[in-house]
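Presented below is the structure to which this report refers.
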Amino acid sequence: MTKIENPFFVVSYHSPAYFCDREEETKRASSALINGRNLTLLSARRIGKTGLIRNVFYHLQKKSGWRTLYIDLMPTANLNDFIKLLSTAVVEQEWRQSKNYMKKIAILLSGLKAKLSFDPTTGAPEIGVEYKTRQETEKSLSALFYYLSKQNVKYAVAFDEFQQIIYYPEKNIEALLRSHIQRLNNVNFIFSGSNKHLLISMFSDYGRPFYQSSDFLFLEKINAATYCRFIREKFAEHGKSIEEELVKEALEYYRIHTFYVQYFFNKLFENSGKSATKEHVEYVHRLILEEREAIYYTYRNLLTSYQFLLLKAIACEDGISQPTASDFIAKYSLKQGSSVNRALAALIDREMVYEEGGTFHVYDVFFSKWLAKSL
Ligand SMILES: Nc1ncnc2c1ncn2[C@@H]1O[C@H](COP(=O)(O)OP(=O)(O)OP(=O)(O)O)[C@@H](O)[C@H]1O
Ligand SMILES: [Mg+2]
């Protein structure tokens with residue numbers, strides 16, 4: 001195993017040792033899948049949905065011998081892209097895990113009417129699909145699900161950013177996918193995404209194809225005391241130390257929002273000696289904002305001056321529960337409540353602001369800190 005230089009991962013999942021808590025959620029998700037139920041996983045952005053999926057998959061593979069497929073649907077724009085990503089994931093897995101992989105891949109490709117090539121640099125298999133008619137596309141989709149159904153193994157398939165299928169130009173995609181999914185006995189699914197509104201409506205509106213077809217799991221923030229213990233343990237395991245108080249303060253400062261916490265402690269770990277001090281902490285707070293400053297200036301150009309004024313006001317308050325209250329409006333010279341409501345709706349729509357437990361926050365925690373400090 002390669003040596004871990006920094007125990008705070010910021011881009012991907014490593015293993016349970018570097019993954020904080022989520023024990024209950026991992027149990028619930030695994031149990032749903034093992035018992036033949038699908039799961040819809042929801043949270044605000046960057047709380048840890050993908051990490052949780054990876055953690056659940058890690059255990060399902062190790063303990064139960066399941067095969068797992070993780071598909072990020074964010075870059076897909078149509079059903080062709082969907083088939084391409086899912087089939088590539090299946091082929092990659094056969095290639096890595098099956099003894100008779102050439103034979104299996106050939107069967108799948110013939111059903112899909114697809115071409116296989118290999119990336120010249122990485123050597124990874126790539127699937128080329130191009131269908132002229134909807135009929136051809138649907139036939140291939142059937143072939144792909146039929147292939148999965150015929151494997152003598154249990155599968156867990158995660159479709160991350162599942163709400164993306166709503167934007168495909170083809171008609172009745174939800175009904176088409178649902179009809180395939182419900183016929184599979186050996187495959188269970190995790191549907192995940194950050195657009196709560198769209199996903200909840202997909203799975204709970206009477207009359208929509210996925211109505212009541214899965215359990216819901218709303219992923220909350222990690223418990224502060226548990227996260228604090230985890231962080232101090234990781235420092236200690238790597239021969240470093242940090243006072244409990246400093247960790248608690250930083251967790252609160254970054255709203256216990258997983259990505260921002262991981263990123264901060266990754267940098268603090270890098271920029272502190274044997275013992276992390278208050279000076280190191282303050283240096284890293286500043287460093288993060290300095291590195292991002294150029295990007296934050298460009299955000300300014302994406303908004304009207306009034307929207308920017310409101311965003312800055314929310315950041316200065318570190319979240320606001322009553323944005324139309326007269327004292328808030330007066331303090332930041334925001335004119336009247338109706339303008340605030342309009343600008344707030346636009347900021348929420350652009351994912352610049354989100355509401356959590358009745359309070360509106362600037363979504364990107366680092367940006368929020370920068371806004372509160374900038375002139
Ligand atoms: N329980 C955890 N312990 C440690 N690190 C975690 C944990 N959960 C997530 N992370 C880390 O936090 C970051 C954000 O998590 P992740 O990408 O899973 O969030 P997400 O909710 O899927 O975000 P997005 O909405 O942007 O897709 C990642 O770098 C991941 O490695
Ligand atoms: Mg994700």
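Please treat every number below as a calculation from the coordinates, not as lab data. In this text the structure is predicted, and so the values were computed from the model without any measurement. Cβ placement follows ideal geometry from the backbone for every residue including glycine, while neighbour counts extend to all protein chains displayed.
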Query raised in the report: Peptides 363-372, 161-170, 266-275, 321-330: what's the order by average Cβ count within 10 Å, highest mean first?
Result: 363-372, 161-170, 266-275, 321-330
Query - Alpha-carbon centroids, the range 97-114 and the range 174-220: separation in whole Å - result: 29
Query raised in the report: Picking from 360, 265, 189, which is most flexible by a Gaussian network model of the chain using Cα springs under 10 Å?
Result: 360
Query raised in the report: Got the relative contact order for the range 22-218 handy, in percent, Cα pairs under 8 Å and 6 or more residues apart?
Result: 33
Query raised in the report: Considering only Cα-Cα distances, which of the following residue pairs are longer than 29 Å: 49/369; 278/312; 3/104; 113/196?
Result: 3/104; 113/196
Query raised in the report: Can you give the net charge of the other residues whose Cβ lies under 12 Å from the Cβ of residue 185, counting K and R as +1 and D and E as -1?
Result: +3
Query raised in the report: Rounded, prolate or oblate: which fits the range 22-218 when a ≥ b ≥ c are the square roots of the eigenvalues of the alpha-carbon gyration tensor, with rounded for a/c under 1.5 and prolate only if a/b beats b/c?
Result: oblate
Report summary line: Neighbour-count ranking for 20, 316 (other C-beta within 10 angstrom, fewest to most) reads 316, 20
**Report entry** Over the chain, relative contact order from alpha-carbon pairs under 8 Å, at least 6 apart, %
**Finding:** 18
**Report entry** Set of aspartates and glutamates with alpha-carbon distance to residue 27 below 18 Å, sequence-local pairs under 8 removed
**Finding:** 215, 220
Report summary line: With 0.36 nm assigned to each residue of separation and the Cα-Cα distance removed, residue 110 to residue 283 gains 56.5 nm
Query - Cross-link partners of residue 274 among lysines (Cα-Cα below 17 Å; sequence separation of 8 or more within a chain) - result: 234, 240
Report task. Return the calculated 222 nm mean residue ellipticity for the chain, to the nearest 500 deg cm²/dmol, obtained by summing -39500 (n - 2.57) across DSSP H runs with n ≥ 4 and dividing by the residue count. Result -> -16500 deg cm²/dmol
Query raised in the report: Average projected area of the Cα convex hull of the chain, in nm²?
Result: 22.0
Query raised in the report: Of 317, 24, 243, how do they rank once you tally other Cβ atoms within 10 Å and put the fewest first?
Result: 24, 243, 317
Report summary line: Expected sort for 83, 200 with the fewest Cβ neighbours (10 Å cutoff) up front is 200, 83
Query raised in the report: Going down the table (103/139; 115/139; 103/154; 62/267), which pairs top 27 Å between alpha carbons?
Result: 62/267
Query - Whole-Å distance, taken between Cα centres, linking the range 10-31 and the range 145-173 - result: 23
Report task. Find how much the distance from residue 198 to residue 184 grows on full extension, using 0.36 nm per residue of separation minus their present alpha carbon separation; answer in nm with one decimal. Result -> 2.6 nm
Query raised in the report: What is the local net charge at residue 12, summed over the other residues whose Cβ is closer than 14 Å to its Cβ (Lys, Arg +1; Asp, Glu -1)?
Result: +1
